[in-house]
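First up is the structure itself, then whatever we jot down about it.
The values are calculated or read from the model by the stated rules, or taken from the named source; none is laboratory data. This is a predicted model, so every value here is computed, not measured. Here the Cβ positions follow ideal geometry from the backbone for every residue, glycine too, while neighbour counts run over all protein chains shown. Surface accessibility is based on the protein's heavy atoms, side chains included, excluding ligands, DNA and RNA. Shrake-Rupley method; radii C 1.70, N 1.55, O 1.52, S 1.80 Å.
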Protein chains: 2
Amino acid sequence: MISDTLQISSHECDSCPIRHRAVCARCEADELEVLEQIKYYRSYEAGQTIVWSGDRMDFVASVVSGIATLSQAMEDGRTQMVGLLLPSDFVGRPGRDQAAYDVVATTDLVMCCFRRKPFEEMMSKTPHIAERLLEMTLDELDAAREWMLVLGRKTAREKIASLLAIIARRDATLRQNKLNGPLVFDLPLTREAMADYLGLTLETVSRQISALKRDGVIVLEGKRHVTVPDLGRLLEEAGDDADGGMLV
Amino acid sequence: MISDTLQISSHECDSCPIRHRAVCARCEADELEVLEQIKYYRSYEAGQTIVWSGDRMDFVASVVSGIATLSQAMEDGRTQMVGLLLPSDFVGRPGRDQAAYDVVATTDLVMCCFRRKPFEEMMSKTPHIAERLLEMTLDELDAAREWMLVLGRKTAREKIASLLAIIARRDATLRQNKLNGPLVFDLPLTREAMADYLGLTLETVSRQISALKRDGVIVLEGKRHVTVPDLGRLLEEAGDDADGGMLV
DNA sequence: CGTCTTTTTGATCCGCATCAAAAGGAGTGG
DNA sequence: CCACTCCTTTTGATGCGGATCAAAAAGACG
């Protein structure tokens, strides 16, 4: 199976699908021109490891399309996913030359890469990039902390419901759908990846999904295609306040 | 019990104990002068809640001395600590006016505060602050991800060992001690706070500390005073690679 | 149709939560 | 100095949720 994700319709930033959300979101036309000089695209097939933790990494990048995961491994093989990278998310850390995590393409993936050194130089010159990167990093920190509550205090059923809610909402906002009707989406993760995300085993994930299905919280067609008839109900199952937060 | 933490020896940034590590670390003399105009100190007693999640928060701050915690609560009362704030750590988020977490002083605490608006203005003018804040935020994100591995995949015993190792190392680097002899420190957290940090119950924390003591991994005098005879041994118990990472 | 991977389902076990109570320690007042 | 209360910590007994081990079922693909 050969991926054909290399076919980007255009290599110009103007028509880039993540133009308004990525690290370059705030750049002016002249700044984009400089970025276009140093950027290059790379694509990966589903399942490919992009970098191994500890490897030298001399680029940073934005996810253009597809999904990747960040995970950490213990010596005995236990692993925990610590980041889920969706289109527009940023990979790599300016100022660091060793990867801190394993980065794996979950689906076919296209990234917009910059060699690290030129990017760092550019960052120090154009505050728009550093500004946007700070904002994105703060958002990621919030997401990581939300996730810590899930990992530390939620039951298996609540964990699954939380993950489904996150995916359902991200998918809806990506397509700019509204959140009050039924939500329909495809799971981008295998049961194993979900287990890795939630600190569970894949058997427990499978059981809890079956239970949520049995209880009518979700409807499944096949293994991956999910319908959420009532997001409020799902949020209740996740242990979240269904009325507060994001919905209002 | 009245705290006397208000007595700062001097209010000048030059002699500030966190001068070289806080958000102002990279500031030049002229930039510090501006900061001195808008800064003010506040102190809190151990146990005091500094802000409640959801409250309006119109300042940002650096911890000068003492320890504070960030935590998140579920509706039914379950809570998870999501941040441990030590001297030089930053509190609050530029651009956001509602606190996202409960902030609680664990010990008597002094903070160096800036009203949010002037600080934001200053940030956009002086890249040194934004630069340093980005670096600090990236470090916090790394710490949060490390913590996610602890919460998601480690056993109770490993969790306790991990926390003790973190505190022991931070304490040693703060005092600029070396890491190869025995490490001695006081636990800044109650058993309950440790449980809250690690996603455990306080009973389990107590049992695992007793077990580590019984096995000679740590030595306790009283409830809070800890000696770690061999950090490598503690790191093994934490499930970490004793040779890799921070030690080298 | 057969092989390989992913997912589901079943049976059993163990780690940690829960409920309960005793044991320290610190501060207060007689 | 002791008796008292209040809070933190330890220890004990029991039960449950999720891990583990095992195998069947369902897709995916050649």
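Listed here are the residues, each with its yes/no results for (1) part of a helix (DSSP H, G or I); (2) farther than 30 Å from A:Tyr101 by Cα; (3) more than 15 Å from DNA strand D (Cβ to nearest atom).
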| residue | (1), (2), (3) |
| --- | --- |
| B:His128 | yes, no, yes |
| B:Met136 | yes, no, yes |
| B:Asp139 | yes, no, yes |
| B:Leu151 | yes, no, no |
| B:Asp171 | yes, no, yes |
| B:Asn177 | no, no, yes |
| B:Tyr197 | yes, no, no |
Residue in region B:93-113 that is among the polar types (S, T, N, Q) and at pLDDT 95 or above present: yes
Qualifying residue in region B:103-117 (condition: within 11 Å of another protein chain (Cβ to nearest Cβ) and not polar (S, T, N, Q)): no
Which listed residue is touching a helix residue (DSSP H, G or I) at 6+ places or on another chain (Cβ under 8 Å) and either more than 13 Å from DNA strand C (Cβ to nearest atom) or free of Cβ contacts under 8 Å to residues at least 12 places away in the same chain (or both), from B:Ala161, B:Ala168: B:Ala168
Residue, nearest to A:Gly95 (Cα to Cα), within region A:8-61, restricted to residues that are open to solvent by 60 Å² or more (accessible area, probe 1.4 Å) and of a type in the set (Phe, Trp, Tyr): A:Trp52
Subset of region A:76-89 (residues that are within 11 Å of chain B (Cβ to nearest Cβ) and in a strand (DSSP E or B)): A:Thr79, A:Gln80, A:Met81, A:Val82, A:Gly83
Matching residues in region A:78-88 - criterion: being under 30 Å from B:Lys154 (Cα atoms) and open to solvent by less than 40 Å² (accessible area, probe 1.4 Å): A:Gln80, A:Met81, A:Val82, A:Gly83, A:Leu84, A:Leu85, A:Leu86
Residues of region B:191-203 that turn out to be within 9 Å of DNA strand C (Cβ to nearest atom), closer than 23 Å to B:Leu149 by Cβ and more than 13 Å from every other protein chain (Cβ to nearest Cβ), as a count: 1
Residues of region B:118-133 satisfying the condition of being open to solvent by less than 10 Å² (accessible area, probe 1.4 Å) and facing another protein chain (nearest Cβ under 10 Å): B:Leu133
B:Gly216 vs. criteria touching a Gly at 6+ places or on another chain (Cβ under 6 Å) and either within 14 Å of chain A (Cβ to nearest Cβ) or more than 11 Å from DNA strand D (Cβ to nearest atom) (or both): no
The lone exception for A:Ala211 - which of (1) within 23 Å of A:Leu85 (Cβ to Cβ); (2) open to solvent by less than 20 Å² (accessible area, probe 1.4 Å) it fails: (1)
Selection from region B:170-224 of residues that are within 18 Å of the chain's Cα centre (by Cα) and of a type in the set (D, E, K, R): B:Arg170, B:Asp171, B:Arg175, B:Asp186, B:Arg191, B:Glu192, B:Asp196, B:Arg224
Region A:44-68 - residue that is part of a strand (DSSP E or B) and over 18 Å from A:Arg19 (Cα atoms) and, of those, nearest to DNA strand D (Cβ to nearest atom): A:Tyr44
Selection within region A:141-157 - within 14 Å of the chain's Cα centre (by Cα) and buried (at least 24 other Cβ atoms within 10 Å of the Cβ): A:Trp147
Test: residue in region B:216-234 that is at pLDDT 95 or above, charged (D, E, K, R) and surrounded by fewer than 14 Cβ atoms within 10 Å (Cβ to Cβ): no
